[in-house]
Amino acid sequence: MSVERETIGAAELEEALREYVDKANASPRARKTLATWSCRLHIAATDVEDAAFTYVVEQGASQPLVVGLEGVPDLVVRGHSFDLAEIFWGDANPVSNYMQGAIKTQGRADDVMRLDAMAMFIFLGQ
Amino acid sequence: MVEDTRADVVVVGAGLAGLSAARSLLDAGVEVLVLEARDRVGGRTHSVEEADGLVIEYGGQWLGPTQDRVLGLVEELGLGTFTQYSDGDNLQLTDGARLRYQGAIPTGDPVQAADLIDAMVELTLTCMEIDPARPWDHPLAAVLDSTTLETWISAQPYSDGAKQWVRTLSRAVFPAEPGEISLLHALFYFRSGGGVEKMIGTINSAQETRISLGAQHLSHGLALPLGDRVRLNCPVTRIDRSHDDVVVHHDGGTTTARRAIVAIPPVLAGRIRYSPPMPGVRDQLTQRSFMGSVLKVHVVYARPFWRDAGLSGHVTADTGLVQITFDQSHPDRTEGVLVGFIDSHLGRTASQMSEPDRRAAVLEDLVRMFGDEAANPIGYYERSWIDEEWSRGCYVGMMTPGTWSTLGHALREPVGPIHWAGTETAVIWNGYMDGAIRSGEDAAAAVLVDLAAHGLRTEAAR
């Protein structure tokens, strides 16, 4: 299925991701269920050259976002800027069949599952 | 015709496990004979092309990522594949409501959805602590194995709807009532498939891909180079064993071989008579193994009308006989096909109904899911795997609570010259076609080591 999507600039994507970090820290479900999770994520848009971020979760707490790729990641997340923004804004179901195909992850299955869970809690407003 | 035959290795069962074992042995220059009770190969895969060319998949059918062995075989055999149709919304019928959602987790009720995510995370993280080759080694194995999945579900602080959905999930995945299996078994099974999320979804999950001509063509492809080394209509009744030989008695005569690989579910392996008898722990294990209960129905319509309403065809329901459906339509054909699963206790109930009554109940369920148009199919096909003599259930054999932790070690351990295979013995993707292939290849490798260790020459070498 080919989908026309607008490109989201790096600044807007950064804003969306910063909001996502705040929502993750404010989500009681995410904090409780993912309380033991620590993970360094590299997140990059495939269609925007300078849209790459480092997102660190320590014991379930999301740390302030870092612009650029820092350190050795446990999990790499790549996708079109529009799809990434939809998830970060909480507008799209991150585990919909479309998103499962559109967002590519590289890392351990349990880290992928926890990231999906966090994104779902935010999407559900939980 | 009754005849006495010789081979290096005799394989019992021409499903994916037995045929994979036989092919691996043949490739290694070992003379094999495969004995199959049915009049066909394929075991729990059975693809039938109807008169109009429509392929009905009565048995196993889906492939997914990380199922490397079966995907490799598909590629090797040059079989065409297609992606499971999953566009549009899934439906959850719960408490009389009809909720649309996307992905593997129903999201119509946010609190219930969050509970389900909690359950998925909890089960997956715990299952990652299990060594799928040795579940009995987990420090809490005895506790986990004496706790049923139902006990675990009931004890969680989830909403009633979420608990009900996890029960439906249990019936669909195993397929067994959550009270029939231990938490250890459930965790082992999830671990062998890479986690709950990998097992229950379509895209990027175990239900992602289908084989165009049908999954049974995997077995046809494996059987082809084996030629007349595969004997059909030869149920094995008895296996005599000595230190270095087996004599396998079957409806076609007897076969003497250096080693045997029994590649059928443990509960059926336990029905073969062995002389001398199996060690007590092995027999106690097979006594405590049981097959899942499932009927699979295909309902064919002139067109996939549910897609007009933006529906994917995938439904989970909390009532009715059919509580799980998928769009089974073939992309190259115009018919719309829904496949439904009647699982667990519902399967046992349905297997006792008359065919017309069962069909009426199935259509009633589909009407509730998809509307009145579902009442008028142009074709209906069903298979009760419970009633299949040479499977006695599907998709997979399981252990009763308390078995893994006390007798699990006897599952794969050879008994003298007799080795075991079958998807039930697989460490990875246990219960799936991929696991069956892996188990057959692993058993063949073990037999080759065994033969070499005992300095036994093969027929070819003689």
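The values are calculated or read from the model by the stated rules, or taken from the named source; none is laboratory data. Quick caveat: nothing in here was measured; it's all calculated off a predicted structure. Because the Cβ atoms are built from the backbone with ideal geometry, glycine has one as well, and the counts that use them run over all protein chains shown.
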Report task. Restrict the check to the stretch B:267-276 and report whether at least one residue is surrounded by 23 or more Cβ atoms within 10 Å (Cβ to Cβ) and closer than 18 Å to residue B:436 by Cβ. Result -> yes
Query - Selected residue [under 28 Å from residue B:142 (Cβ atoms) and assigned by TED's automatic domain parsing to the domain that holds residue B:266] from B:440, B:435, B:402 - result: B:435
Report task. Scan the stretch A:44-54 for residues that are in contact with a helix residue (DSSP H, G or I) (Cβ under 7 Å, 6 or more places away or on another chain) and either under 14 Å from residue A:75 (Cα atoms) or part of a loop (DSSP other than H, G, I, E, B) (or both) and jot them down. Result -> A:47, A:48, A:50, A:51, A:53
Report task. Could you tell me whether residue B:98 is within 26 Å of the chain's Cα centre (by Cα), basic (Lys, Arg) and outside the structural domain of residue B:325 (by TED's automatic domain parsing)? Result -> no
**Report entry** Options B:103, B:42; residue that is under 18 Å from the mean Cα position of the chain (by Cα) and either away from every other protein chain (no Cβ under 14 Å) or not in a helix (DSSP H, G or I) (or both)
**Finding:** B:42
Query raised in the report: If you take the residues of the stretch A:98-113 that are out of contact with any Pro (no Cβ under 9 Å at 6 or more places or on another chain) and aliphatic (A, V, I, L, M), which of them is farthest from the other protein chains (Cβ to nearest Cβ)?
Result: A:102
Requested in this report: State which residue is farthest from residue B:447 (Cα to Cα) when the search covers only the stretch B:253-276 and only residues that are under 28 Å from the mean Cα position of the chain (by Cα) and in a loop (DSSP other than H, G, I, E, B).
Outcome: B:271
Requested in this report: Output the residues belonging to the stretch B:1-44 that are touching a helix residue (DSSP H, G or I) at 6+ places or on another chain (Cβ under 9 Å), surrounded by fewer than 24 Cβ atoms within 10 Å (Cβ to Cβ) and of a type in the set (Val, Ile, Thr).
Outcome: B:30
Requested in this report: Consider residue A:116 carefully, then state whether it is assigned to a helix (DSSP H, G or I), of a type in the set (Asp, Glu), crowded, with 20+ Cβ neighbours inside 10 Å and facing chain B (nearest Cβ under 10 Å).
Outcome: yes
Query raised in the report: For residues in the stretch B:129-149 being among the acidic types (Asp, Glu) and not in a loop (DSSP other than H, G, I, E, B), which is surrounded by the most Cβ atoms within 10 Å (Cβ to Cβ)?
Result: B:145
Requested in this report: For the stretch B:288-314, enumerate the residues that are assigned to a loop (DSSP other than H, G, I, E, B) and under 12 Å from residue B:328 (Cα atoms).
Outcome: B:303, B:304
Requested in this report: Examine the stretch B:189-205 for a residue that is among the aliphatic types (A, V, I, L, M) and closer than 22 Å to residue B:295 by Cβ, and state whether such a residue exists.
Outcome: yes
**Report entry** Residue ID - surrounded by the fewest Cβ atoms within 10 Å (Cβ to Cβ), chosen from residues in the stretch B:72-97 that are free of Cβ contacts under 8 Å to residues at least 60 places away in the same chain and closer than 17 Å to residue B:323 by Cβ
**Finding:** B:96
Query raised in the report: Can you find even one residue in the stretch A:35-49 that is more than 15 Å from the chain's Cα centre (by Cα), within 14 Å of chain B (Cβ to nearest Cβ) and either closer than 25 Å to residue B:117 by Cα or of a type outside the set (Asp, Glu) (or both)?
Result: yes
Query raised in the report: Would it be correct to say that residue B:302 is farther than 23 Å from residue B:385 by Cα, at pLDDT 95 or above and over 25 Å from the mean Cα position of the chain (by Cα)?
Result: yes
Query raised in the report: Here are some conditions: (1) under 23 Å from residue B:314 (Cα atoms); (2) not in a strand (DSSP E or B). Residue B:90 meets all but one. Which one does it not meet?
Result: (2)
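Each row is one residue, and each column tells you yes or no for (1) outside any helix (DSSP H, G or I); (2) surrounded by fewer than 22 Cβ atoms within 10 Å (Cβ to Cβ).
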| residue | (1), (2) |
| --- | --- |
| B:179 | yes, yes |
| B:184 | no, no |
| B:198 | no, no |
| B:205 | yes, no |
| B:218 | no, no |
| B:222 | no, no |
| B:225 | no, yes |
| B:237 | yes, yes |
| B:243 | yes, yes |
Report summary line: For the stretch A:76-92 the number of residues that are more than 10 Å from chain B (Cβ to nearest Cβ) and either over 12 Å from the mean Cα position of the chain (by Cα) or assigned to a loop (DSSP other than H, G, I, E, B) (or both) is 5
Report task. Kindly indicate whether residue B:419 is surrounded by 22 or more Cβ atoms within 10 Å (Cβ to Cβ) and closer than 27 Å to residue B:266 by Cβ. Result -> yes
Query raised in the report: Considering B:358, B:412, which residue is surrounded by 17 or more Cβ atoms within 10 Å (Cβ to Cβ), within 30 Å of residue B:241 (Cβ to Cβ) and in contact with a helix residue (DSSP H, G or I) (Cβ under 7 Å, 6 or more places away or on another chain)?
Result: B:412
Query raised in the report: Which number in (1) surrounded by fewer than 22 Cβ atoms within 10 Å (Cβ to Cβ); (2) at the interface with another protein chain (Cβ under 9 Å from one of its Cβ atoms); (3) hydrophobic (A, V, I, L, M, F, W, C) marks the one condition that residue A:95 misses?
Result: (1)
